[in-house]
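The values are calculated or read from the model by the stated rules, or taken from the named source; none is laboratory data. What you see is a predicted model; the values in this text were computed from it and never measured. So basically every Cβ, Gly included, is an ideal-geometry build from the backbone, and we count neighbours across all protein chains shown. Protein only, heavy atoms only, side chains kept; ligands, DNA and RNA dropped before computing areas. Shrake-Rupley method; radii C 1.70, N 1.55, O 1.52, S 1.80 Å.
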Amino acid sequence: MACHFFLLLFLSSVTSMAAAQDTAAFIYAGCSQTSYSPGSPYQLNVDSLLSSLTAAATSSFYINLTSSASVAGSLPTFGLFQCRGDLQPRECSACIRSALSKFSSLCPFAAGAAVQLDGCFLRYGNDAFVGKPDATVVYKKCGASSGSGQIGIRDAALSGLTGGGFGGYRAGASGYVQAVAQCVGDQTAKQCDDCLGAAVAQLKAACGYAVSGEAYLGKCFARFWCNGNGGVDIEAGNHHDDNDETGRTAAIIIALIAGVALLILFLSFVRKAGNPDKD
């Protein structure tokens, strides 16, 4: 019941760039093509593993665990989670709980599954994937074209994500372009650099003059966006800010009221001008 192959599910209406303020925003899920029987020993292993991972998320940003076979002959289950390095512990814990809730609806009884949300990654399976490199492109998206030449500063920002010789959360910036990246915690420094190098190459090749881009590979992700100094704040901009929207709506309403008031005054003046004898 190995689960090396995943069927990938996407929610096209949600992008991680637009969901920076929502760490639980869905990006993708992968489900193995094999499944387990409800109530089987393997399900007991899966349930135990996921429960332990969820509990660990209250105090850790990464952990990998193995659930030993509860019955002789049943397969052990391997699992891990990774939260984005800029989150708070409570945000990490909430994100993992949200990711866990996706399994039952998107990958019911799957022998292996993975869920990527904006703020965290959760995976389990029986194929001993922990510690293995994986630079397979799982999800890639580019924002709208800027119509101007910003490739040089974009590439400079992305260069800060590679060659660091260490894992964890990375950030880069150049001019008005910002970039972030992270590897899953089971990767060595070299594996992380190789994965991020592949992710950055995907962004450079695919996103051209785009104002934003993101690439999720099997064991890492990288993203960039424009912000300030004439750029576009993608992290906040793709989410129409509620305060901005409220201000624009209020301005429109005030303008309409003022227009109606002026129209009433004008009609009143015209009426009096046409009837000079009436006071």
Exercise for the section: Report whether or not V180 is touching a helix residue (DSSP H, G or I) at 6+ places or on another chain (Cβ under 6 Å) and aliphatic (A, V, I, L, M). Expected result: no
Problem - Any chance S67 is buried (at least 18 other Cβ atoms within 10 Å of the Cβ), modelled with pLDDT under 95 and more than 29 Å from G208 (Cα to Cα) - result: yes
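Can you pull out the residues in segment 143-157 that are open to solvent by less than 60 Å² (accessible area, probe 1.4 Å) and closer than 13 Å to C207 by Cβ? Give the steps one after another, and end with the answer.
Keep residues of segment 143-157 that are open to solvent by less than 60 Å² (accessible area, probe 1.4 Å), which gives 143, 146, 148, 150-157.
Passing the criteria: G143, S146, Q150, I151, R154, D155, A157.
Regarding F81, is this residue outside any helix (DSSP H, G or I) and either modelled with pLDDT under 95 or open to solvent by less than 30 Å² (accessible area, probe 1.4 Å) (or both)? First the steps, then the outcome.
Numbers: outside any helix (DSSP H, G or I): yes; either modelled with pLDDT under 95 or open to solvent by less than 30 Å² (accessible area, probe 1.4 Å) (or both): yes.
Yes, satisfied.
Name the residues in segment 109-142 that are modelled with pLDDT under 95 and open to solvent by 30 Å² or more (accessible area, probe 1.4 Å), would you?
Once the filter is applied, which keeps residues that are modelled with pLDDT under 95 and open to solvent by 30 Å² or more (accessible area, probe 1.4 Å), segment 109-142 yields only A128.
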Problem - Hits in segment 170-196 (condition: farther than 12 Å from K219 by Cα and surrounded by 15 or more Cβ atoms within 10 Å (Cβ to Cβ)) - result: R170, G172, A173, S174, G175, Y176, V177, Q178, A179, V180
Practice task
Keeping to segment 30-58, report how many residues are under 20 Å from L87 (Cβ atoms) and open to solvent by less than 10 Å² (accessible area, probe 1.4 Å).
Solution key: 2
